[in-house]
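Below you'll find the structure, written out as C-alpha cells, and then a few comments.
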Amino acid sequence: CKQSMSEFMNSDTIFRNFETKNLCKVLKYGTFVWKQIFTNMKRYFSCFFFFSLFAISFLSAQVNEKDLKKMSYDELKVFFFNERTSVFEQKKIAGEFVKKAKKENDESKLARGYYFYSLAENEMNVSIKYLDSITQMMKPNSEDLSFPILAYYQKGVLYGKMFNYELAIKNFLIVEEISHEFNNLEYYYDSKYAIGKLKSENLGEVRDGLSLFKECLKYYKKQDFSKGYFADAYQRTIFALADSYKSLNELDSASYYNNLGYKESKKIKNNRLHFLFILNEGANQVLKKNYYAAIDSINIALPKLKEISNVGNNILASYYYYGKAYEGLMKYEKAIVYFNKVDSIYQKSGIITPEFTDGYRFLLNYYKKKGNKEKQLYYINTLMAIDSSFQNNYRILTRKIQKDYDIPHLMQEKETIIKGLHQDKKANYWIIGILGFAVVLSLVVMQHLTKQKKQYKQRFEALMQQNKTESLTTEVAEQQEKSADLGIPEDVVVVILKQLAVFENKKQYLKPNITLGDLATAFETNSKYVSIVINAKKQKSFSNYINDLRIDHAVEGLKNNKEMRKYTIKAIAEEVGFNNAEAFSNAFFRRTGIKPSYFVKKIQEG
C-alpha cells in the first residue's frame, strides 16, 4: 500500500505524460494505481481485522484458562475487582481465596475470602452470614483493623437496606467502639456519619443526625481535605448538614452549607457532588419561596445529573421541586406535569421517600376541582399504598402521611368518590368497594391483632409469675368436704382422692393414651366412681383433667428447662403425653389463653 501511494505521488511520471499530452495513458495509469491502493488497503485491513480477533480470542482464552490455584492473593484480588468479572466468576475467585487461606492457615486472608463472598452474594441474608463468620473468628488488633471492622460496617449497611435500623445502628456502634479503642479515627467518624444518616433520613431523628454530622465535620476540617478520602468524607458531611438543616426548615443554615459544598466540590472537580449541591440549593430556594431562583438551579443541575450514573433519587427530586416551584408560581399546568413525572418514577421503581409525597396532595386537589373522579381515586389508592410501605420501612413517614393526608379522611373521601362513580361504572364500583372493604378489614384485623398481642403478653407474664400450686390435689380440704350428695360412700371418695394425689405426684398423667378405665383399674374401683369424683372435686371432665395436668407440667418444664425450649412443638407434645401437636396446642391454648409457640418464643427472648 505504501509503495503504491509512493508511485501515485511521483509527480515526475504524471507530468511527463501530460507534457507529451498522452492523456489516455495517464488516465489508465492513474486507474491502475488507485486499484493497487485499494487492493492493498483491503488486504492490510483484512489482516489487521483477523489479527485483532485472534488477539482478543487469545487473551480471552488466557483469562478463562488461567488456573486460579496458581494465582497469588494479589492476583486473585485484582481479578475479583475487574469490572468485566461476572458475579459467577467472583464467587469462584472468592472460593479459591478461601481454600488457599485455609490450606495456609492464614486467618486474615480467610476473612478477606469471606468478605469477597459477601460482596458477590445477591441475597443480603446470605451475605450477612459470611460477614458473621468474619466477626466470629477475627478479633480486632492494633496492627490491622481491616477485619473484623469492615465486616461490622458492611453488616450495618446491609441491615440499613433491609430497613432493620436497630441492627444497622448496633453494628455501626461496634465499629465506633473498636475504632475508638484502637484510635483509628477514620473508621470512628465513618461509623458516626453512617448512624447520622440513618437517624436523619430513615428514623426522623434529624436533630440527633445533625449533631453527629457536626462532630464529623469538626474532625475532617483538621485534615487535608483537598484530595483523596478526606475530600470525599468532608464534602459528603457538608451535604448531610445542608440536607438536615433543610429538613428542619432552617433554610439560611442550609444555604450556607450548600454554598460551602459548591465551592469545595468545584475545587477538586467532583462533578457529582457539585451538581447535587446546586440541586439541593434549588430545593432550598423553593422552601424560601424564591421560585425562579429554584428553577434556575434545577435547570443547571438536572441535565448533568442525568449524565451521571447512580444518582439515586435525584432525578425524582428534581421533578418534585420543579413541581413545587411552579405550584408556588401558580403555573399549575406545569406543576401537574412534573408531579406526574414523580409518580411515573415511583410506579416504575416502587421507591419514594417522605420528602416527595406532598405532590400527591396537589394532584388530589387539582383533580377534585376538575371533577375528575378517576384521577382522584387513582391518587388516593397510590397514597394509601405509599402509606402502607412507609409504615413498614420508615417511622417518619407514618407521622408525615397522617399529618398531611389523614388516612381516615382519605378513606371517607374514597367512599364518596366510589358512590359518585356507581351509576356510570357499576363494575368498577364493586371492585373499588371490595378494595375499600379490604382496607377496613385490614384495619380491624390489625386492631384485633394488636389487642390479642397485648392479651398474650399479659397472659405470658401471669404464667411466668405464678407458682405451681393449683394442679396438685389438696387432700385435707377435699377430705373434709361432705360427699354424701355424690351418691358414693364418703370413704370411697377419700380413697379415690388420695389415689389421685399419688397419681399427680408421680406424674403418671404423662403416660400417653391414658383412659378413665386405666385409672379405675389402677385404683381398683370402677370408672363411674372415678369420673364422678373428678367431675365434683376437680370441677372438670376426665379428659380436661388429664390435659390440664400435662399442660401445667409443660409450662413448668419450659420455664425451668432450657433444653426443652429447643424442642419442636410436636416433641414437647409427645414429651408430656399428647399424641400430636394439634391436640397439644389446643389444650395449651384452652388452659393458658396463648399458643405454645408464642410461649416458647417469649421465654427464649427473656
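What follows is calculated from the coordinates using simple rules that are stated; it is not laboratory data. These numbers come from a predicted model, not from an experiment. All Cβ positions, even for glycine, are placed from backbone atoms using ideal geometry, and neighbour counts span all protein chains on display.
Which entries in 161/267; 331/370; 129/595; 221/269 show an alpha-carbon gap greater than 24 Å? Kindly include the intermediate steps, with their values, before the conclusion.
On the way: 161/267 32 Å; 331/370 16 Å; 129/595 31 Å; 221/269 19 Å.
Those over the limit are 161/267; 129/595.
Within a 10 angstrom radius of the beta carbon, how do 448, 553 rank from fewest other beta carbons to most?
Numbers: 448 10, 553 19.
Ordered by Cβ neighbours within 10 Å, fewest first: 448, 553.
Sort 450, 521, 135, 357 so the one with the fewest other Cβ atoms within 10 Å of its own Cβ comes first.
On the way: 450 10, 521 13, 135 19, 357 22.
Fewest to most other Cβ atoms nearby, the residues stand as 450, 521, 135, 357.
Could you give the semi-axes, largest first, of the ellipsoid that matches the stretch 476-606, computed as the square roots of 5 times the alpha carbon gyration tensor eigenvalues and rounded to whole Å?
Values: eigenvalues 201, 40, 31 Å².
The three semi-axes for the stretch 476-606 are 32, 14, 12 Å.
How many angstrom lie between the C-alpha centres of the stretch 132-176 and the stretch 485-528?
61 Å
Roughly how many Å is it from the Cα centre of the stretch 330-345 to that of the stretch 179-229, as a whole number?
Cα centroid to Cα centroid, the span is 36 Å.
Going by how many other beta carbons lie within 10 Å of each one, how would you line up 332, 291, 321, fewest first? Walk me through the numbers before you get to the answer.
Working: 332 15, 291 19, 321 30.
The most exposed by this proxy come first: 332, 291, 321.
Whole-Hz Karplus ³J(HN,Hα) for the stretch 116-123, in order, using 6.51 cos²θ - 1.76 cosθ + 1.60 and θ = phi - 60°, x for Gly and Pro?
Karplus values, whole Hz, x for Gly and Pro: 4, 4, 5, 6, 7, 7, 7, 7.
So for the stretch 223-344, averaging the separation of alpha carbon pairs under 8 Å that are six or more residues apart and normalising by length, what relative contact order in percent results? Kindly include the intermediate steps, with their values, before the conclusion.
Details: 148 pairs, mean separation 20.8, N = 122.
Relative contact order, the stretch 223-344: 17 percent.
Go through the stretch 329-343 residue by residue and turn each phi into a ³J(HN,Hα) via Karplus (6.51, -1.76, 1.60, θ = phi - 60°); whole Hz please, and just put x for glycine and proline.
7, 6, 9, 5, 4, 5, 4, 4, 4, 6, 5, 5, 5, 4, 5
Can you list the HN-Hα couplings for the stretch 434-444, worked out from phi with the Karplus curve (6.51, -1.76, 1.60; θ = phi - 60°), rounded to whole Hz and with x for Gly and Pro?
Along the stretch 434-444, the couplings run 5, 4, x, 4, 4, 5, 4, 4, 4, 5, 5 Hz.
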